[in-house]
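Heads up, the thing below is written out as structure tokens.
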Amino acid sequence: MKTRARIVAVAALMTAMLGACGGSDSTSDSGASDTTVAAGMTELGAGEGAVNLIAWAGYVENGSTDPKVDWVTGFEKETGCKVNVKIGNTSDEMVELMQSGEYDGVSASGDASLRLIAGGDVSPVNTDLIPNYADVYAGLKDRQWNSKDGVSYGVPHGRGANVMAYDTTTGTPTSIKDMFDPASKWAGKISVYDAPIYIADAAIYLMATQPELGITNPYALDQTQFDAAIAALKAQKPMVGQYWSLYTDQQAALEKGTVTLGTSWQVIVNLASANNKNIAATKATDGATGWSDTWMISSKAKHPNCMYMWMNHIISPEANAAVAEWFGEAPSNAKACALTADKNHCTTYHSDDEEYFKDVWYWTTPTTECLDGRTDTECVPFSEWVNAWNELRA
Amino acid sequence: MLGAPLGWMVVVYLGSLGMLVVSAFYRLDEFTGKSTGELTTENITTVVTKAVYRNLMFRSVAVAAAVTVLCLAVALPVAFYVSRLASRWARRGLIVAMLLPLWSGYLVKAYAIRAVLEPGSDGAGGGLMRSVIGWSPGFGYVSVVLTLAYLWFPYMLMPVYAGLERIPDSMLDASSDLGAGAARTFRSVILPILVPSVAAGSIFTFSLSLGDYITVKVVGGTSQMIGNIIERVLLAPNQPLAAAFTLWPFAIMLVYLAVMARLRAFENL
């Protein structure tokens with residue numbers, strides 16, 4: 001057993017006296033991959049009685065948000081695995097939480113999954129132990145964000161586009177320009193997702209307004225393109241009424257009219273429109289960022305059997321239909337389409353329409369090697385995105 | 001008798017502070033966010049030399065100072081009334097009333113203020129202030145200062161009250177016998193005696209405000225303080241850089257405490 005220097009975050013006293021920082025602990029080992037727990041899994045044992053998940057808001061619902069929305073209670077009864085969920089507000093937060101080793105699995109977007117694989121925080125998944133995997137759309141399997149060298153690192157959860165939420169009494173936004181153009185009539189009331197990955201939204205804006213920059217993929221920005229994106233974000237800053245990372249913050253701001261246009265998720269719009277019927281959502285005509293999420297198992301999972309059962313459950317036609325409808329996304333299981341309450345759900349969300357997803361740029365981690373295939377230049381890596389975002393927000 | 005608490009102090013409190021300082025020197029692998037085991041001073045250089053971060057520090061100090069001044073401006077007359085003018089029974093009731101807010105949760109109070117300050121949209125919505133006087137400062141630094149001042153007010157009030165309580169009546173009588181008016185008495189007798197009490201109270205209001213990041217999130221709109229950047233960087237996840245950022249408030253508080261010690265603040269704690 002390798003010894004590990006564990007840096008424990010500061011005690012509460014310290015928190016009150018000096019710059020208060022959130023309690024957390026992270027390991028500082030060299031990131032060697034330790035995949036013995038789940039990779040070696042050749043057969044499923046009995047459940048361990050619990051499973052600790054990190055998930056996006058709305059992915060793990062046990063009826064406490066809405067009594068009718070519940071795909072957890074049945075799973076707990078059936079398997080005996082009690083589900084504990086920690087909501088991750090951003091991909092960066094999910095990576096941080098996974099590094100703690102306290103969780104069994106995570107619903108990772110592409111900008112988290114690659115970092116988790118590289119850091120050895122997640123293990124390969126033996127999909128033979130997940131019967132429902134057979135029904136997952138072929139187009140979602142073994143993609144660059146959920147596998148490495150042909151080895152699967154998780155099961156696809158579903159996908160969708162980040163939408164623009166707006167108050168219908170203020171007009172109807174159509175283009176991402178409404179979020180960035182200084183002349184936008186929503187200036188001052190705009191709500192922006194508070195994470196470095198939002199720089200990609202600025203890149204999409206530049207793709208629409210400054211074609212001479214030659215951006216072909218919002219996650220593959222060379223220094224010139226990146227600087228232009230940061231300039232667009234700086235110009236946007238005075239128009240921003242709120243930077244949100246906690247989904248309930250944006251929901252409340254939309255309901256109360258503190259903001260009237262913002263980058264959002266369909267689930268937030270659904271929740272907000274229940275209290276304020278003027279809240280609606282639309283996808284920008286110029287393209288949008290989006291996600292294709294993957295349930296991954298921690299390399300330090302204490303409840304691997306329960307995690308496998310959960311991965312099988314969440315892509316089962318019933319659960320996958322329920323979560324897709326609640327969150328407002330395309331399911332990953334083809335059979336889920338027959339089980340949604342709204343029979344048109346899969347058509348509305350283009351679950352099998354690769355054409356539609358052509359201008360949806362799934363969140364992914366930018367690297368020095370350009371993701372758009374350019375080899376004559378270096379791209380700005382994600383660590384620089386994080387620094388730039390920190391500076392922008394400071 | 002003192003062994004156990006002192007041991008706790010050294011190991012847990014100073015130990016974790018020491019680890020915090022040390023962790024600021026670690027280098028992270030940029031992709032996986034894990035330590036590479038190398039040491040670097042890059043983090044420190046970043047937080048000290050970048051203009052945006054320095055401005056953030058100045059802004060945080062300004063907010064903390066404004067909160068302190070506001071708390072003091074309200075605490076002085078209130079404490080004076082309670083300790084000198086109120087009847088004995090009214091005094092007890094007032095002391096309880098002043099301490100009462102300390103017994104309710106931080107978040108409860110922050111969100112209560114949020115409900116008061118909510119700006120709403122043009123012509124619709126909004127919180128108590130908007131519906132009563134038709135105006136609200138909105139979410140921003142003004143609201144942050146108001147909310148923090150409300151949250152930490154008792155911490156300023158209590159030492160000031162205790163300081164006033166200790167001034168013997170005879171001293172004030174002597175002042176008026178010598179011909180000083182109320183203003184002169186306040187300036188030349190009461191205020192000098194109160195300096196250590198005010199300094200003690202200001203340590204609470206200043207340090208608690210300097211490190212706060214939750215109030216900023218609740219009523220700050222797009223505002224940011226030092227605590228927010230620390231939280232953000234910690235979740236990035238980049239603990240070494242977050243640790244480097246904490247060295248700022250650490251240094252600021254050391255200076256502040258040194259100044260307050262000269263003002264004899266610790267004799268009144």
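In segment A:377-394, the residue that is farthest from B:Lys50 (Cα to Cα) out of those that are aliphatic (A, V, I, L, M) and more than 10 Å from chain B (Cβ to nearest Cβ) is A:Val380.
State whether the residues of segment A:218-236 include one that is hydroxyl-bearing (Ser, Thr, Tyr), outside any helix (DSSP H, G or I) and out of contact with any Gly (no Cβ under 8 Å at 6 or more places or on another chain). Before the answer, list the steps.
As a first pass, look at segment A:218-236 and keep what is hydroxyl-bearing (Ser, Thr, Tyr): A:219, A:224.
Narrowing the set further to residues that are outside any helix (DSSP H, G or I) leaves A:219.
Narrowing the set further to residues that are out of contact with any Gly (no Cβ under 8 Å at 6 or more places or on another chain) leaves A:219.
Yes, segment A:218-236 has at least one match.
Just so you know, in segment B:97-149 the residues that are under 19 Å from A:Thr260 (Cα atoms) and of a type in the set (S, T, N, Q) include one that is surrounded by the fewest Cβ atoms within 10 Å (Cβ to Cβ), and it is B:Ser121.
Each residue in segment B:173-197 was checked for being in contact with a helix residue (DSSP H, G or I) (Cβ under 6 Å, 6 or more places away or on another chain) and either outside any helix (DSSP H, G or I) or among the hydrophobic types (A, V, I, L, M, F, W, C) (or both), and 2 of them qualify.
Looking across segment A:175-207, the residues that are among the basic types (Lys, Arg) and surrounded by fewer than 23 Cβ atoms within 10 Å (Cβ to Cβ) come down to A:Lys177, A:Lys185. With the requirement that a residue be of a type in the set (A, V, I, L, M) and facing chain A (nearest Cβ under 7 Å), what does segment B:222-260 give you? Selection gives B:Ile226, B:Ile229, B:Ile230, B:Val233, B:Leu234, B:Leu235, B:Ala236, B:Ala242, B:Met253.
Yes or no, residue by residue, for (1) within 14 Å of chain A (Cβ to nearest Cβ); (2) among the acidic types (Asp, Glu); (3) closer than 26 Å to B:Thr215 by Cα:
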site: B:Met9; (1), (2), (3): yes, no, no
site: B:Leu28; (1), (2), (3): yes, no, no
site: B:Thr36; (1), (2), (3): yes, no, no
site: B:Glu42; (1), (2), (3): yes, yes, no
site: B:Arg59; (1), (2), (3): yes, no, yes
site: B:Ala62; (1), (2), (3): no, no, yes
site: B:Ala73; (1), (2), (3): no, no, yes
site: B:Arg84; (1), (2), (3): no, no, no
site: B:Ser87; (1), (2), (3): no, no, no
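Just one of A:Thr209, A:Thr258, A:Thr216, A:Thr169 is of a type outside the set (A, V, I, L, M, F, W, C), at pLDDT below 95 and under 26 Å from B:Leu235 (Cβ atoms); which is it? Before you say what the answer is, go through the steps one by one.
Values: A:Thr209 fails: under 26 Å from B:Leu235 (Cβ atoms); A:Thr216 fails: under 26 Å from B:Leu235 (Cβ atoms); A:Thr169 fails: under 26 Å from B:Leu235 (Cβ atoms).
Going through A:Thr209, A:Thr258, A:Thr216, A:Thr169 in turn, just one is of a type outside the set (A, V, I, L, M, F, W, C), at pLDDT below 95 and under 26 Å from B:Leu235 (Cβ atoms): A:Thr258.
Put simply, of A:Leu246, A:Leu261 the only residue that is crowded, with 24+ Cβ neighbours inside 10 Å and either of a type outside the set (Gly, Ala, Ser) or over 24 Å from the mean Cα position of the chain (by Cα) (or both) is A:Leu261. For segment A:135-150, the candidate set comprises residues that are touching a residue at least 60 places away in the same chain (Cβ under 8 Å) and assigned to a helix (DSSP H, G or I); within that set, the residue that is farthest from the chain's Cα centre (by Cα) is A:Asp135.
Return a yes/no flag: does segment B:102-112 have any residue that is assigned to a loop (DSSP other than H, G, I, E, B), within 14 Å of chain A (Cβ to nearest Cβ), within 28 Å of B:Val218 (Cβ to Cβ) and without any contact (Cβ under 8 Å) to a residue 40 or more places away in the chain.
Within segment B:102-112, the first condition is being assigned to a loop (DSSP other than H, G, I, E, B), and the residues that meet it are B:104-105.
Narrowing further to those that are within 14 Å of chain A (Cβ to nearest Cβ): none.
No, segment B:102-112 has no match at all.
Among the residues of segment A:315-365, those that are under 21 Å from the mean Cα position of the chain (by Cα) and without any contact (Cβ under 8 Å) to a residue 12 or more places away in the chain comprise A:Thr348, A:Asp353, A:Tyr356, A:Lys358.
The values are calculated or read from the model by the stated rules, or taken from the named source; none is laboratory data. Quick caveat, the model's predicted, so the values are computed rather than measured. In this analysis, Cβ positions are derived from the backbone assuming ideal geometry, glycine residues included, and neighbour counts consider all displayed protein chains.
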